[in-house]
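The values are calculated or read from the model by the stated rules, or taken from the named source; none is laboratory data. For clarity, every value in this text was computed on a predicted model and none was experimentally measured. So basically every Cβ, Gly included, is an ideal-geometry build from the backbone, and we count neighbours across all protein chains shown. Just the protein is used for accessible areas: all its heavy atoms, side chains included, with ligands, DNA and RNA removed. Shrake-Rupley method; radii C 1.70, N 1.55, O 1.52, S 1.80 Å.
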Amino acid sequence: MGDSIISASHLTKDYGEGRGIFDLSLDIHEGEVFGYLGTNGSGKTTTIRHMMGFLKADSGTVTVNGLNPWTNAPEVMKSVSYIPGEIAFPDLKTGTDFFRVQAQFLGVKDFSYMNHLIDLLGLDPSARLKRMSKGMKQKTAIVAALMGDRQILILDEPTTGLDPLMRETFLELIREEKAKGRTIFMSSHIFEEIEEVCDRVAIIHNGRIRSVLNLSEFRHSSIRTYQVEFADEASAGCFCQRLPGSCRDGAGVRFDAAPKDVDAAFAAMADLAVASLSESHPNLEAYFMQTIQTNPSEEDPN
């Protein structure tokens, strides 16, 4: 993995009432696809707006290619392609008109890559911008951002509005970009797309980073996820006291365990009323839920 291309250190933007991002630190390495996973309102877009130089932090720093985006925005943008979370087009008639203006802005003179993107996404650029569906607008935004063929891609919920088939096409495009050595930072709340294309993922909740996960190690982990349904909530509560880190929902308990820890976990439930027990490979959604539910108020600013 290469050097850090995007770096945030103790980044804080406090909007009050627990909203914003708090003491956030991240390093995104050259050539990696880095996922940013969180629910709506968790702080994903606020983080990205700092990376783009749209917001000035209350404290802490963020750099892109070693530069502060707030004070060096024009220089930073020379190496960045950006898909915003909320699409807003200028007052132009068609997609073709918009691409022409965008090409001038980005200094694009060779339109072969733009045409490749249009074909790949099945986009009709002659359509009127104001009459485009949400999916068409998203495709237009993708082409407009990526046609600049920049080294860094910062993508805020880039598959919003795309149907499942087109979402898979977009993920194939991300794989193409990674193969070129691009550095890609992609926020999402869709677990499957993060699992499919990302090298690492950070989980953000209530404005704070809860975990940074190497997905290759996660996929090949020997750890298993166990779901236990107890006959009553008292048994579930007793088991959770014996096994810290387990996640309880009523009479049900979920926990992860490596092979060396399984015997101890089973011993902890030996004298309790167990209704059912199942085992599965860990998946990102289960890991995410466990991460945000374990001590959920530990560091929340609320």
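Annotations
- Normalised by 2.2 N^0.38 Å, where N is the number of residues, the alpha-carbon radius of gyration of the chain equals 1.15.
- Dipole moment magnitude, nearest 20 debye, the stretch 16-132 about Cα centre, only Lys, Arg, Asp, Glu C-beta charged: 500 debye
- Per-residue [θ]222 nm for the chain (sum of -39500 (n - 2.57) over DSSP H runs n ≥ 4, rounded to 500): -10000 deg cm²/dmol
- Choice from F99, F185, F34 with maximal GNM fluctuation in the chain (Cα, 10 Å cutoff): F99
- Between the Cα long axis of helix 95-106 and the first principal axis of the chain there is an angle of about 90°, rounded to the nearest 10.
- Annotation for the stretch 187-252: chymotrypsin sites (Phe, Trp or Tyr not before Pro) lying in DSSP loop with at most 14 further Cβ atoms inside 10 Å of their Cβ do not exist.
- Separation between Cα centres of the stretch 62-107 and the stretch 120-167, rounded to whole Å: 14 Å
- Neighbours of A251, meaning other residues whose beta-carbon lies under 9 angstrom from its beta-carbon, give a summed charge of -3 when Lys and Arg score +1 and Asp and Glu score -1.
- DSSP-defined antiparallel bridges as percent of all bridges, the chain, nearest 5: 65 percent
- Prolate/oblate/rounded call for the stretch 99-194, Cα gyration tensor, a/c under 1.5 rounded: oblate
- Projecting the Cα atoms of G245, G135, I28 onto the charge dipole of the chain (Cβ charges, centred on the Cα centre) puts G135 farthest toward the positive pole.
- Segments 104-115, 250-261, 204-215, 36-47 sorted - mean Cβ within 10 Å per residue, highest first: 36-47, 204-215, 250-261, 104-115
- Radius ratio Rg over Rh of the stretch 1-79, counting only Cα atoms, Kirkwood formula for Rh: 0.96
- Shape of the stretch 162-250, Cα gyration tensor, a/c cut at 1.5: prolate
- Cα-derived Rg over Rh, computed across the stretch 195-302 with Rh taken as Kirkwood radius: 1.00
- Here, the stretch 39-165 has an Rg and a Dmax of 15.3, 45 Å when only alpha carbons are counted.
- Close amide H partners of E30, meaning residues 5 or more places away or on another chain with modelled amide H under 5 Å apart, are G2, D3, S4, I5.
- Accessible area of the chain belonging to carbon and sulfur atoms, whole % at 1.4 Å probe: 49 percent
- The residues of the chain expose on average 48 square angstrom of accessible surface per residue, using a 1.4 Å probe on protein heavy atoms.
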